[in-house]
Amino acid sequence: MEIALVSAFIVGLFSAVHCIGMCGGIIGALTFSLPVEIRQHRWRLLPYISAYNLGRITSYTAAGALLGWLGDSLFNLISPDSGHLILQGVASAMMVGIGLYLAGWFPRFAMIEHLGKPLWNRLQPWGQKLIPVRSPGQAWLFGVVWGWLPCGLVYSALIISGTAGEALYGALFMLSFGAGTLPSVMAAGILTGWMARLSRLSQIKTAVGLLLIVLAVISFYLTWSHGHQHFAAGQHV
């Protein structure tokens, strides 16, 4: 599970361009809806941006818990004995897909975000009603709604969280992913520009993609090896 959490954080961390492109405009809408006296003072603006991101990650974590519970229930019905191995196989395949996507070798992987458009069409009007934002609490609600914005990387991470084996691990996986996205979404000025430039470098993208693929293979091998040993021990009893 530790490898999975590290992988989730890496995916979030190196999704800088994707996150800035999709969430930057949303943060801009939130920021420009605030009174001028708040917008012009960074330290007064920080609680609103922080609350927005906390709301966004709250949605990620809740969705991860739900899918973790559903995935565990589904695979227990399909195969109580080898369900965990099947779950890990699905998770590893998804992580390989994310690695190929971040490396720039599988751009069509992002089409997975079309899965969430029906739900988003229902939620988007609620987010628009929260503009203009007048308090950090309202900014948190704004983030909760916009956390469901269709995003290929978020949805890919959610599918993996559904293979985590239980609700808690699914929630932890998405919490780790959300924490990884914070530098690119929260940071301003020089750091944001640096993150964006770094993530555009082909060498960095290739290295990160390959790292995720290696972590996925290692994770699956460790799970398979443990499952094989457990099965062999059961045969000798």
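The values are calculated or read from the model by the stated rules, or taken from the named source; none is laboratory data. The shown structure was predicted, so the numbers you read here are calculated from the model rather than taken from an experiment. No Cβ is skipped: glycine too gets one built from the backbone with ideal geometry, and neighbour counts run over all protein chains shown. Just the protein is used for accessible areas: all its heavy atoms, side chains included, with ligands, DNA and RNA removed. Shrake-Rupley method; radii C 1.70, N 1.55, O 1.52, S 1.80 Å.
Table for the structure above
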| quantity | calculated |
| --- | --- |
| FRET E, pair L210, L77, Förster distance 25 Å, beta-carbon r, rounded to 0.05 | 0.10 |
| Long-range HN-HN contacts of G165 with modeled amide H, under 5 Å | D72 |
| Relative packing of 149-159, 97-107, which averages over residues the other C-beta atoms within 10 Å, highest first | 149-159, 97-107 |
| Highest average packing first - 50-57, 141-148, Cβ atoms within 10 Å | 141-148, 50-57 |
| Fraction of accessible area attributable to carbon and sulfur, segment 85-191 (%, probe 1.4 Å) | 71 |
| Segment 36-116: Cα Rg divided by the 2.2 N^0.38 Å rule of thumb | 1.64 |
| Residue list for segment 128-163, given a label point 7 angstrom along the Cα-to-Cβ vector of R44 and an amide N cut-off under 19 Å | 132-140 |
| R0 of 35 Å, Cβ-Cβ distance K117-Y221: FRET efficiency to nearest 0.05 | 0.45 |
| Ordering of 175-182, 63-70, 215-222 by packing [mean C-beta count within 10 Å, highest first] | 175-182, 63-70, 215-222 |
